[in-house]
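Trainee: Please see the structure below; I have some questions.
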Amino acid sequence: MTEFQSPTDLTHNRGLIADPASFATDAGAASWLYLCGEEFAAIEGGMSFADVQAAVGESVNLIADPPRPLDMDVARRGVAALDELPRPTLVTCRTGPRSSALVYLYAGLRSGASADEVLARAEADGAPFTEAEPLKGWVTQGLAELS
């Protein structure tokens, strides 16, 4: 059994991002996986994929924000994108729950950790997804199906 550690080369958001360029610079990010569609740019506090692209050298837009389902197809495509992006990498959604779920899913898969280990570490870290049972279920399902 491994001792699952907090992800160190992947950073998720914990709320709206006021300044994408500063967020990327503060994290020392080389890349960004952005989980929002363009409709997010139109709302107050939102940002566009163009904002993301301007902030880092490499970026991928995997649209997975509500009302779109967060399913195993999103999990597979997110893992594949994270396998390709240079580190350190930002992973963001609107306010953090979905992005944190993907970060912990990916880190758990790559370390061979169990769902119990990943969820315990995420809860200890205060990862936003741990407040939503459906997202905890998604991480658990992804660890079982994608390992």
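The values are calculated or read from the model by the stated rules, or taken from the named source; none is laboratory data. Owing to the predicted nature of the structure, the values given are computational and were not obtained by experimental measurement. Counting neighbours? That spans all protein chains shown, and the Cβs are built from the backbone with ideal geometry, glycine included. When the accessible area is computed, the model is the full protein with side chains, heavy atoms only, and any ligands, DNA or RNA have been set aside. Shrake-Rupley method; radii C 1.70, N 1.55, O 1.52, S 1.80 Å.
Trainee: What relative contact order, as a whole-number percentage, does the chain give when Cα pairs under 8 Å and 6 or more residues apart are counted? All intermediate terms of the calculation are to be shown ahead of the outcome.
Mentor: Details: 252 pairs, mean separation 45.8, N = 147.
RCO, the chain: 31 percent.
Trainee: Let me ask something else about it. Per the 1.4 Å probe, what fraction of the accessible area of the chain, in percent, lies on carbon and sulfur atoms? If you can, show how the numbers build up before the last one.
Mentor: Numbers: 3520 of 6880 Å².
It is 51 percent, rounded to a whole number.
Trainee: So if R0 is 30 Å, what FRET efficiency would Ala30 and Glu133 give, r being the distance between their Cβ atoms, rounded to the nearest 0.05? Before the final figure, lay out the partial values.
Mentor: On the way: r = 33 Å, r/R0 = 1.11.
That gives a FRET efficiency of 0.35.
Trainee: Quick one: grab the alpha carbon gyration tensor of the chain, order the square roots of its eigenvalues as a ≥ b ≥ c, and give me rounded if a/c is under 1.5, else prolate or oblate depending on whether a/b is larger than b/c.
Mentor: Because a/c hits 1.5 or more and a/b exceeds b/c, the chain counts as prolate.
Trainee: Express in whole angstrom the spacing between the alpha-carbon centres of region 1-38 and region 96-132.
Mentor: That distance is 14 Å.
Trainee: Still on this structure, I have one more. How large is ³J(HN,Hα) for each residue in region 131-147, as worked out from phi by the Karplus curve 6.51 cos²θ - 1.76 cosθ + 1.60 (θ = phi - 60°), to whole Hz, x for Gly and Pro?
Mentor: Residue by residue, region 131-147 yields 8, 10, 4, x, 6, 4, x, 5, 4, 4, 4, x, 5, 6, 7, 9, 7 Hz.
Trainee: Can I ask one more? Tell me, what HN-Hα J-couplings in whole Hz come from the Karplus equation 6.51 cos²θ - 1.76 cosθ + 1.60 at θ = phi - 60° for each residue of region 6-11, using x for Gly and Pro?
Mentor: Per-residue couplings from phi come out as 4, x, 10, 9, 10, 10 Hz.
Trainee: Take every Cα pair under 8 Å in region 41-118 that's 6+ residues apart, average their separations, divide by the length, and report that relative contact order as a whole percent.
Mentor: On the way: 36 pairs, mean separation 16.1, N = 78.
RCO, region 41-118: 21 percent.
Trainee: Which value, in Å², gives the accessible area per residue of region 1-131 when a 1.4 Å probe is used on the protein heavy atoms? Intermediate results must be reported in sequence, preceding the final value.
Mentor: Values: 6030 Å² over 131 residues.
Result: 46 Å² of accessible area for each residue.
Trainee: Another question, then. May I ask you to list the residues of region 90-118 whose amide nitrogen lies under 12 Å from a point 7 Å from Cα along the Cα→beta-carbon direction of Ala54?
Mentor: Flagged as within label range: none.
Trainee: Okay, next question. Going highest first, how would you order 36-44, 7-15 by mean Cβ packing within 10 Å? Could you put the intermediate results ahead of the total?
Mentor: Values: 36-44: 13.2, 7-15: 17.9.
So the peptides 36-44, 7-15, ranked by packing, come out 7-15, 36-44.
Trainee: Give a residue-ordered list of calculated ³J(HN,Hα) values for region 25-36 (Karplus: 6.51 cos²θ - 1.76 cosθ + 1.60, θ = phi - 60°; whole Hz; x for Gly, Pro).
Mentor: Along region 25-36, the couplings run 5, 4, 8, x, 6, 9, 8, 8, 9, 9, 9, 10 Hz.
Trainee: Quick one: go through region 36-63 and flag any residue whose amide nitrogen is under 19 Å from the point 7 Å out along the Cα-to-Cβ line of Gln141.
Mentor: So the set is 63.
Trainee: I've got another one for you. Of Ala30, Gln53, Met72, whose Cα points farthest to the positive end of the dipole of region 1-126 (charges on the beta-carbon: +1 Lys, Arg; -1 Asp, Glu; origin at the Cα centre)?
Mentor: Ranked along the dipole, the leading option is Met72.
Trainee: Roughly how much of Asp125 is accessible, in Å² to the nearest 10, using a 1.4 Å probe?
Mentor: Result for Asp125: roughly 40 Å² accessible.
Trainee: How do Leu16, Leu146 stack up against each other in accessible area, from largest to smallest, with a 1.4 angstrom probe? Spell out each step's value before the answer.
Mentor: Details: Leu16 100, Leu146 45 Å².
Sorted descending by solvent-accessible area, the residues read Leu16, Leu146.
Trainee: With springs connecting C-alpha atoms under 10 Å apart, model the chain as a Gaussian network and identify which of Ser59, Ser22, Ser114 has the largest mean-square fluctuation.
Mentor: Ser22
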